[in-house]
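J.: Let me begin by handing over the structure; questions about it come next.
The values are calculated or read from the model by the stated rules, or taken from the named source; none is laboratory data. Being a predicted model, the structure only gives us computed values, none of them experimental. Positions of Cβ are generated from backbone atoms using ideal geometry, with glycine treated the same way; all protein chains shown enter the neighbour counts. Only protein heavy atoms, including side chains, enter the accessible area calculation; ligands, DNA and RNA are left aside. Shrake-Rupley method; radii C 1.70, N 1.55, O 1.52, S 1.80 Å.
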Protein chains: 4
Amino acid sequence: MEDNQNSTAILLVSCPDKVGIVAEMTKLFGKYNGNIINLEQHVDAEENMFFMRLEWQLEGFSITMEDFNIELKKTAEEFNMNWEINYSRHRCRMAILVSKQAHCLYDILSRYESGEWNVEIPLVISNHRDLEPIVKRHGLEFHHIPISKENKAEQEEKEIALLREHNIDLIVLARYMQILSAGLVDQYPNRIINIHHSFLPAFPGARPYHSAYERGVKIIGATSHYVTTELDAGPIIDQDVTRVSHTESIKDFVHKGKDLEKIVLARAIRLHLQNKILVCNNKTIVFK
Amino acid sequence: MEDNQNSTAILLVSCPDKVGIVAEMTKLFGKYNGNIINLEQHVDAEENMFFMRLEWQLEGFSITMEDFNIELKKTAEEFNMNWEINYSRHRCRMAILVSKQAHCLYDILSRYESGEWNVEIPLVISNHRDLEPIVKRHGLEFHHIPISKENKAEQEEKEIALLREHNIDLIVLARYMQILSAGLVDQYPNRIINIHHSFLPAFPGARPYHSAYERGVKIIGATSHYVTTELDAGPIIDQDVTRVSHTESIKDFVHKGKDLEKIVLARAIRLHLQNKILVCNNKTIVFK
Amino acid sequence: MEDNQNSTAILLVSCPDKVGIVAEMTKLFGKYNGNIINLEQHVDAEENMFFMRLEWQLEGFSITMEDFNIELKKTAEEFNMNWEINYSRHRCRMAILVSKQAHCLYDILSRYESGEWNVEIPLVISNHRDLEPIVKRHGLEFHHIPISKENKAEQEEKEIALLREHNIDLIVLARYMQILSAGLVDQYPNRIINIHHSFLPAFPGARPYHSAYERGVKIIGATSHYVTTELDAGPIIDQDVTRVSHTESIKDFVHKGKDLEKIVLARAIRLHLQNKILVCNNKTIVFK
Amino acid sequence: MEDNQNSTAILLVSCPDKVGIVAEMTKLFGKYNGNIINLEQHVDAEENMFFMRLEWQLEGFSITMEDFNIELKKTAEEFNMNWEINYSRHRCRMAILVSKQAHCLYDILSRYESGEWNVEIPLVISNHRDLEPIVKRHGLEFHHIPISKENKAEQEEKEIALLREHNIDLIVLARYMQILSAGLVDQYPNRIINIHHSFLPAFPGARPYHSAYERGVKIIGATSHYVTTELDAGPIIDQDVTRVSHTESIKDFVHKGKDLEKIVLARAIRLHLQNKILVCNNKTIVFK
């Protein structure tokens, strides 16, 4: 038997805007005594689109989720909605992909061990062996899948097999210095989060700190985003910045940047796990 | 006849939290074909309070506001609501109180002249004559009401008379270096905005930049808040900060601070004019 | 007779790095009893370049500036230095170029009138008449020089003539929506400051807020820089940013951005007037 | 034999301001062919104090440090200087004190393992056993020294004995929830760094996030400072802040604050290890 106490469900909705959507939806929840503890909606007037995140308590909800899904489908069809329901009690299964840089991995594993996130990390994959000891020390599976131009296709097949085998919901590229091919990306739409070490769209691609230094910017940044097939061009989830000055070398930029990267990546993971992100037109709606 | 095109009304609500409030409210608007263009609600779980800002289009609304108020009153009573309705077409009447410092006044007058705000400024009051030329140049009334310990009560009476005569909705203390007495404050609850030149609650009272310098802080700030009878202790509307270093003198703090003050004050005025602020327990709910 | 009290001179130096430069320079000032009140040096290890800003009191300096220049020239040749001396008592002559947007102009004129800067503004030039009343109200000369594709060359000639006639030291583009041609730019190297309404190098060129909105960034910015012949690619002086969210429209971006623009532009002007900026390799050294 | 290659020494100086200090000092280094790679000085005009950080290469320095110390002493006496010399090759010995919260400890150990700092961590001390497994996993000594009102004096004696035995240079309180008594503090002046989870001087003492929430601030912060005998009143090294809103609970404040705390603490440790901090009048001069 399921324990519904303190358990909530989260409904994410996007559809063309129309009068009365909120009323219709809230009426539906009222009908089954669903206690809405959070409702946030947003209308994009330019695109004439409606977005909503609605969280309600499962305790006291007087209809089975199976039956509710059937009812909801009717309303959804009427308004031409995209929708999904997630459960707060669901423990997301997250894979981490890394290369040689340790700072984001350290940060993720610390949060994992602290129980900061409702998440399971069944495995870490890397194209190098450098970070294996850190991963193993935390008692996690480590898979070494080296990638070269020649073997990329077949190695990615291995990765996909592993990800499937472990029922992975979310892939985190924690400074993974490889470009994923469409074959992998397309299987996890809005389910792969990358951290890029610049304030996108400035300085996409390789060596952004070098480019920032070269250009003489006074502020550097980091950007977390969902991965799409176009490099560093996916929907931005979060960004942050820090001041730099002429007194700082590229090494200083890299050092400062690492602290940005790990925080901005962790914030994106948290938002994803809380089902607070909707994607539309390559942009994110990030609910509070 | 009134022109309702593009005109909206904004309902602000606070009440004890209860299942079904949103549904009940949205149903009410649906009944009269009210097109909700923005709904934001917030539940304070600790205080068990519900807050909502609901903006709807007056065009197409199939009931007079008079009759709607009567209907709304019923629902409000049921849920024990505090509520108010404001209209986007209402031009708020704002008085400015200044002393000798010009930077906030300049900034407000520039925005006023640019038409940035839907506001009318019928008068500026000051306890000094220094800023009179700036005010006059903009074609505004300037009232010189010098205040000393001895004449404070009677001079404030004059101020109150002027504010009433001009039907003032909102009073802005743009670096007005006098403490208002309860007699004035109590007549304009959550209708007097002050800018304090520190990151409250650090450094309340006089000479906060000197205190910040003395303490050796690495960041200074400014705070806009509603005025209550307790000095610098009213509900905070907005704050912002900027970095300082040992290389900067008190003069530099003051200089940097001025830029913070004018921006943080302007942001608070804007939020107030957009009816985006609710006050509860000496704290603000600031809708987006 | 000149009044040297509280008057200082500022020496800016750049040259290939070498052991003993600081010692040699400070020895030279010690020889004539020059009281150094501020010395800041920076070595760019990658470029092997040395930069220094040295400010000393003219009172008590036991050599005429004429003779000192001769002595300094010798040291400068020995170390292959670029150098210049400026005087704190010099009142910089600044021209402002605007189009239709008023916010930066308002901010500059307010600071000017407040005496915040040691500066003289002999004239404002614009390709439109919109801001003429604001300029005239401050008692400043306003020159309307409309520019089209056809007349650009000859109109810029007029501008150059005006700038020369008024002995302009510094040109500020306060949201001047025209691209200056090389003919003008080359005559004022590192003497033309522009404010660009994005976080460069992201979104150069026209309509950066629209591009930022389109891309879905979570932070927008503004950049002040010296103008070079390459559009929006000159040495960056200062930048600042502010958070945005999906709830904000392009209009909101523009509104928030205006506050950034005026502050970031004012900071650049201030740094320039204080002789705190050195340019090398299209990057700025900004002394404290 | 010592290896001087790439090795530098750092001289920190503070004294009453006087004409010619820099010249005198740089002359001294020139005399022995000391290649100054960084010189930063600061004059506090109000206090009439002079501060300097001078870093020079030991390679090619034509005098032994022993003899140089003797020469320097003469100059120091002449100018009434406080001074100290540190060596970049010196590996600082750092002790960490923790209670139950893990986030700062995780962050420090990650940086330690990554070799980010030139530091040795011989031991971690805690009044609780909770974090022992994390410490042991990194192969470090863990000492459990529980502290109560009754045993405080004797337990601190044990701590002092341990710190001495391990030749500790720097003590880091990584969310150590005990107040150190003067007996310990006085033995490590400007050698104990604490992280306080508020924007000091706002909210000193216990439960600052609760107080911040109660007050309704719109920005929260963290402060790293040297510990003095007065609680949360020592010289501030660094501070940082992050925005909060009415939508966030105390739990959210705590969560966001943890990310601030670990970064602000790590920055302070780094500055200390680089010998970039001078303390004067309970304030820090933080060189670049």
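J.: Scanning for something in contact (Cβ under 8 Å) with a residue 60 or more places away in the chain, hydroxyl-bearing (Ser, Thr, Tyr) and within 30 Å of D:ARG207 (Cα to Cα), does the range D:155-176 turn up at least one residue?
T.: Among the residues of the range D:155-176, at least one is in contact (Cβ under 8 Å) with a residue 60 or more places away in the chain, hydroxyl-bearing (Ser, Thr, Tyr) and within 30 Å of D:ARG207 (Cα to Cα), which makes the answer yes.
J.: With the requirement that a residue be without any contact (Cβ under 8 Å) to a residue 24 or more places away in the chain and in a helix (DSSP H, G or I), what does the range C:231-258 give you?
T.: C:LYS251, C:ASP252, C:HIS255 - these are the residues of the range C:231-258 that are without any contact (Cβ under 8 Å) to a residue 24 or more places away in the chain and in a helix (DSSP H, G or I).
J.: Have a look at C:ARG175, C:ARG137 and point out the one that is closer than 18 Å to C:LYS100 by Cβ, basic (Lys, Arg), open to solvent by less than 20 Å² (accessible area, probe 1.4 Å) and more than 14 Å from chain A (Cβ to nearest Cβ).
T.: C:ARG175
J.: Here is a further query. Just the residues that are open to solvent by less than 20 Å² (accessible area, probe 1.4 Å) and within 11 Å of chain D (Cβ to nearest Cβ), please, taken from the range B:234-264.
T.: B:GLY234, B:PRO235, B:ILE236, B:ILE237, B:ASP238, B:GLN239, B:VAL244, B:VAL264
J.: Same structure, new question: Does the range B:12-19 contain any residue that is at pLDDT 95 or above, under 30 Å from B:HIS143 (Cα atoms) and buried (at least 21 other Cβ atoms within 10 Å of the Cβ)?
T.: Among the residues of the range B:12-19, not one is at pLDDT 95 or above, under 30 Å from B:HIS143 (Cα atoms) and buried (at least 21 other Cβ atoms within 10 Å of the Cβ), which makes the answer no.
J.: While we're on this one: Being among the charged types (D, E, K, R) and more than 19 Å from the chain's Cα centre (by Cα) narrows it down to one of A:ASP186, A:ASP169, A:ASP130, so name that one.
T.: A:ASP130
J.: Now for a separate question. Pick from the range D:266-288 the residues that are assigned to a helix (DSSP H, G or I) and within 14 Å of chain B (Cβ to nearest Cβ): which of them is most open to solvent (accessible area, probe 1.4 Å)?
T.: Ranking the qualifying residues of the range D:266-288, first place goes to D:ARG267.
J.: Could I ask something else about it? Is it true that A:TYR32 is within 25 Å of the chain's Cα centre (by Cα) and modelled with pLDDT of 90 or more?
T.: For A:TYR32, the condition - within 25 Å of the chain's Cα centre (by Cα) and modelled with pLDDT of 90 or more - is not met.
J.: A:HIS196 - would you say it is surrounded by 15 or more Cβ atoms within 10 Å (Cβ to Cβ) and in contact with a His (Cβ under 9 Å, 6 or more places away or on another chain)?
T.: Criteria met by A:HIS196.
J.: I've got another one for you. For residues that are in contact (Cβ under 8 Å) with a residue 60 or more places away in the chain and assigned to a loop (DSSP other than H, G, I, E, B), scanning just the range D:84-96, find the one that is least open to solvent (accessible area, probe 1.4 Å).
T.: It comes out as D:SER88.
J.: Please enumerate the residues belonging to the range B:117-134 that are within 14 Å of chain C (Cβ to nearest Cβ), free of Cβ contacts under 8 Å to residues at least 40 places away in the same chain and in contact with a helix residue (DSSP H, G or I) (Cβ under 9 Å, 6 or more places away or on another chain).
T.: B:LEU131, B:ILE134
J.: Is it the case that A:ASN48 is touching a residue at least 60 places away in the same chain (Cβ under 8 Å) and either within 28 Å of C:GLU214 (Cβ to Cβ) or buried (at least 17 other Cβ atoms within 10 Å of the Cβ) (or both)?
T.: Against the criterion (touching a residue at least 60 places away in the same chain (Cβ under 8 Å) and either within 28 Å of C:GLU214 (Cβ to Cβ) or buried (at least 17 other Cβ atoms within 10 Å of the Cβ) (or both)), A:ASN48 does not qualify.
J.: Are any residues in the range C:15-27 more than 7 Å from chain D (Cβ to nearest Cβ) and of a type in the set (Lys, Arg), and if so, which ones?
T.: C:LYS18
J.: Oh, and also: Whether any residue in the range B:70-83 is touching a residue at least 60 places away in the same chain (Cβ under 8 Å), in contact with a Leu (Cβ under 9 Å, 6 or more places away or on another chain) and open to solvent by 60 Å² or more (accessible area, probe 1.4 Å) is what I want to check.
T.: Scanning the range B:70-83 turns up at least one residue that is touching a residue at least 60 places away in the same chain (Cβ under 8 Å), in contact with a Leu (Cβ under 9 Å, 6 or more places away or on another chain) and open to solvent by 60 Å² or more (accessible area, probe 1.4 Å).
J.: Which of (1) within 12 Å of chain A (Cβ to nearest Cβ); (2) crowded, with 21+ Cβ neighbours inside 10 Å is the odd one out, the single condition B:GLY30 does not satisfy?
T.: (2)
J.: Follow-up question, since we're still on this one. Can D:LYS256 be described as closer than 26 Å to A:ARG243 by Cα and not β-branched (Val, Ile, Thr)?
T.: It is true that D:LYS256 is closer than 26 Å to A:ARG243 by Cα and not β-branched (Val, Ile, Thr).
J.: Sort out which residues of the range D:13-68 are within 21 Å of C:PHE29 (Cα to Cα) and part of a helix (DSSP H, G or I), and write them in order of number.
T.: Within the range D:13-68, D:ILE21, D:VAL22, D:ALA23, D:GLU24, D:MET25, D:THR26, D:LYS27, D:LEU28, D:PHE29, D:GLY30, D:LYS31 meet the criteria.
J.: Sticking with this structure for a sec: Which of the residues spanning the range C:158-181 are under 14 Å from C:ASN194 (Cα atoms) and among the charged types (D, E, K, R)?
T.: Residue satisfying the conditions is C:ARG175 alone.
J.: Name the residue, out of C:SER110, C:SER114, C:SER99, that is at pLDDT 95 or above, of a type in the set (S, T, N, Q) and open to solvent by 50 Å² or more (accessible area, probe 1.4 Å).
T.: C:SER114
J.: Since B:TYR209 meets every condition but one in (1) free of Cβ contacts under 8 Å to residues at least 60 places away in the same chain; (2) in contact with a His (Cβ under 7 Å, 6 or more places away or on another chain); (3) open to solvent by less than 20 Å² (accessible area, probe 1.4 Å); (4) within 11 Å of another protein chain (Cβ to nearest Cβ), which condition does it not meet?
T.: Evaluating B:TYR209 over (1) free of Cβ contacts under 8 Å to residues at least 60 places away in the same chain; (2) in contact with a His (Cβ under 7 Å, 6 or more places away or on another chain); (3) open to solvent by less than 20 Å² (accessible area, probe 1.4 Å); (4) within 11 Å of another protein chain (Cβ to nearest Cβ) leaves (4) as the failure.
J.: Output yes when any residue across the range A:156-171 is surrounded by fewer than 17 Cβ atoms within 10 Å (Cβ to Cβ), of a type in the set (Lys, Arg) and modelled with pLDDT of 95 or more, and no when none is.
T.: Yes, the range A:156-171 has at least one match.
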